[in-house]
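A.B. asks: Can you read through this structure? Questions will come right after.
The values are calculated or read from the model by the stated rules, or taken from the named source; none is laboratory data. Remember, predicted model here, so these are calculated numbers, not experimental data. A quick note on method: Cβ atoms are made from the backbone with ideal geometry, for glycine too, and the neighbour counts reach across all protein chains shown. Keep in mind that these areas ignore ligands, DNA and RNA; they rest on the heavy atoms of the full protein, side chains included. Shrake-Rupley method; radii C 1.70, N 1.55, O 1.52, S 1.80 Å.
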Amino acid sequence: MEGGGIIKPDKTEYTECWRTTWETPYIMRLALSAGIGGLLFGYDTGVISGALLYIRDDYKSVDRQTWLQETIVSMAVAGAIMGAAFGGLINDKYGRKKSILLADILFFIGAIVMAAAVAPWMIILGRIFVGLGVGMASMTAPLYISEASPARIRGALVSTNGLLITGGQFLAYLINLAFTKAPGTWRWMLGVAGVPAAVQFVLMLSLPESPRWLYRQDKVKEARAILEKIYPENEVEEEMKALQSSVEAEKADEGSIGKDFFSKLKNIWGNIVVRRGLYAGITVQVAQQFVGINTVMYYSPTIVQLAGFASNKTALALSLITSGLNAVGSVVSMFFVDRYGRRRLMIISMFGIIICLVALSILFFEASDHAPPVSSLESLHFGRNSTCTNFLKASNPSSWNCMTCLKSSSDCAFCSNGDNKHLPGACFAVTDEIKGLCRGEHRTWYTKGCPSKFGFFAVLLLGLYIISYSPGMGTAPWIVNSEIYPLRYRGIGGGIAAVSNWVSNLIVSETFLTLTEAIGSSSTFLLFAGFSTIGLVAIYMLVPETKGLQLEEVEKMLEKGFRPRLFCKKKSIDTK
């Protein structure tokens, strides 16, 4: 999903990785200790989906105000944008290790503030702290692993960070499910993130700084001492020479394009190769978000409730499917992205996404159209004062169904028929007392979605959506951005594309619930299908295939201009 760029390993790296780390466990210790940042990143972006269900129960203001729910979810994304922006500066000035330690402190503070929250504003404040940590971890963890790993297994080790991100999201759903019966529910869900942050902080204290950063700070002896722990004795001198050559080339590039951001930006926009690379890089990053993936990852239990599963616990359990499939998909992509290519996988992925979104739109429309009717007799079951005011004032109450009741006001809820959920039910006023009376008669209380015969199929389509998304649009955009820019512009080019990803993420996550209320679930998924279609066309027109191409070949291709073809069959082009 989100995060820093991915270095893609080839097949031989995995075998070599196991052999090397078995012989030198210190390397795996470095990678896994830094990789906890990826786990925290995944956990803190995934945990809110379940915690939000119980925050709504505890704070009626959150339950009744959609914008407040969206703000609680999206403030972590807003914080991540700031964290990624400032993280680059902190990385360069103070080093990778200190950046990871600072991210852990932010994670820990955020977790404590959220767990101890006495009002929604404290949860939002905690989410901002967590977001700052996410933004820093998303770029620092893979960078540290990359610079502290042997070159021959670097891609395999960095890819573990991506696995830990999706693994962290899956863990978040498991933790959410585990604490559904615990006193405090959401406080435990959000607060437990402080534990791995504290563990990583302690582990990182005993680990060294990145040898590359040390060499750039003219701490050559310290850099050599670390390399001696990572490489066999006969390879250390060769790696020192390679490090020297790389750092000198990097400093020379800085001299040619400028050190400050605005001079770099001016240079890249005047360079046709980089500009075309940015067209491709930004296109895939924006498309990745506007297919609606984070509406599923952040609001999955809510979507399941919209499909007709009212129980928080049931919604969380079913949401495990989407999170688990996302983790599996990231593994699958490792085996196919180098075989079939980035462009091909993204195009196939987009077709699957569009089909699933259109199918979800049709399904939610049918569920709404076949919602159980509201019975006047049932609605007066607990007396006139318990009935929803809007229903009592309606000019034609006999035409009302469950969805009409829920959409009429946030103060109205549907109480199903005791014998059969699909028979006519009641439209009640939303109070804890009436909710208790409804459940006391073994009825089901609905505030988000209605009883539906299509609920299971909605969960199935969500699973198919994730299967379509994860191996293609889930990972390929980051790989494209690691390959599409000339070497000297890769940092700033990838950074601009990453910010476009986070900003798109913020827009989507901040508007999803508002859209479902304003135009309905069916129209919202259809809207995302429309965005996905635009994204598919943009990818087809602007994004070349980079599989198997050297950096010089990519640069030459962009210089000549990319002509779209559905599948790129040529593995390389003539650069002479």
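A.B. asks: Say we look at the stretch 21-76 and pick out the residues that are under 30 Å from residue 157 (Cβ atoms) and of a type in the set (Phe, Trp, Tyr); which of these is most open to solvent (accessible area, probe 1.4 Å)?
C.D. replies: 22
A.B. asks: Please list, ordered by residue number, the helices (runs of 4 or more DSSP H) wholly in the stretch 293-397 having 3 or more residues that are surrounded by fewer than 23 Cβ atoms within 10 Å (Cβ to Cβ) and of a type in the set (A, V, I, L, M, F, W, C).
C.D. replies: Values: elements: 293-306, 312-340, 342-369, 376-379, 389-393.
Of the helices (runs of 4 or more DSSP H) lying wholly inside the stretch 293-397, those with at least 3 residues that are surrounded by fewer than 23 Cβ atoms within 10 Å (Cβ to Cβ) and of a type in the set (A, V, I, L, M, F, W, C) span 312-340, 342-369.
A.B. asks: Please go through the stretch 192-206 and pick out each residue that is polar (S, T, N, Q) and either in a helix (DSSP H, G or I) or in contact (Cβ under 8 Å) with a residue 40 or more places away in the chain (or both).
C.D. replies: 200
A.B. asks: Does residue 209 meet the test of being open to solvent by 40 Å² or more (accessible area, probe 1.4 Å) and either over 30 Å from residue 127 (Cα atoms) or in contact (Cβ under 8 Å) with a residue 24 or more places away in the chain (or both)?
C.D. replies: Here the answer is no, as residue 209 does not meet what is asked.
A.B. asks: Here is a further query. Filter the stretch 441-473 down to residues that are of a type in the set (Gly, Ala, Ser) and under 21 Å from residue 53 (Cβ atoms) and give me whichever is farthest from the chain's Cα centre (by Cα).
C.D. replies: Per the criteria, the residue is 452.
A.B. asks: Being among the hydrophobic types (A, V, I, L, M, F, W, C) and out of contact with any Ser or Thr (no Cβ under 9 Å at 6 or more places or on another chain) is the filter; apply it to the stretch 376-390 and report the residue that is farthest from residue 444 (Cα to Cα).
C.D. replies: Result: 377.
A.B. asks: Ok, one more. Suppose we keep only residues that are in contact (Cβ under 8 Å) with a residue 60 or more places away in the chain and hydrophobic (A, V, I, L, M, F, W, C) within the stretch 77-96. Which one would you say is surrounded by the most Cβ atoms within 10 Å (Cβ to Cβ)?
C.D. replies: If we take residues in the stretch 77-96 being in contact (Cβ under 8 Å) with a residue 60 or more places away in the chain and hydrophobic (A, V, I, L, M, F, W, C), then 80 is surrounded by the most Cβ atoms within 10 Å (Cβ to Cβ).
A.B. asks: Hey, residue 400 hits all of (1) closer than 9 Å to residue 428 by Cα; (2) among the hydrophobic types (A, V, I, L, M, F, W, C); (3) open to solvent by less than 70 Å² (accessible area, probe 1.4 Å) but one; which does it fall short on?
C.D. replies: Single failed check for residue 400: (1).
A.B. asks: Name the single residue, out of those in the stretch 110-130 being buried (at least 24 other Cβ atoms within 10 Å of the Cβ) and either at pLDDT below 90 or in contact with a Phe, Trp or Tyr (Cβ under 7 Å, 6 or more places away or on another chain) (or both), that is nearest to residue 93 (Cα to Cα).
C.D. replies: So, considering only residues that are buried (at least 24 other Cβ atoms within 10 Å of the Cβ) and either at pLDDT below 90 or in contact with a Phe, Trp or Tyr (Cβ under 7 Å, 6 or more places away or on another chain) (or both), the one nearest to residue 93 (Cα to Cα) is 130.
A.B. asks: Could you tell me how many of the residues in the stretch 526-555 are part of a helix (DSSP H, G or I) and modelled with pLDDT under 85?
C.D. replies: So the answer is 5.
A.B. asks: Cβ-Cβ distance below 6 Å, separation of 6 or more or different chains: which pairs start in the stretch 523-542 with a residue that is within 19 Å of residue 367 (Cα to Cα) and β-branched (Val, Ile, Thr) and end on one that is in a helix (DSSP H, G or I) and open to solvent by 10 Å² or more (accessible area, probe 1.4 Å)?
C.D. replies: From residues that are within 19 Å of residue 367 (Cα to Cα) and β-branched (Val, Ile, Thr), the pairs are 524/515; 524/516.
A.B. asks: Would you mention how many residues in the stretch 439-471 are within 25 Å of residue 379 (Cβ to Cβ), without any contact (Cβ under 8 Å) to a residue 40 or more places away in the chain and not charged (D, E, K, R)?
C.D. replies: 2
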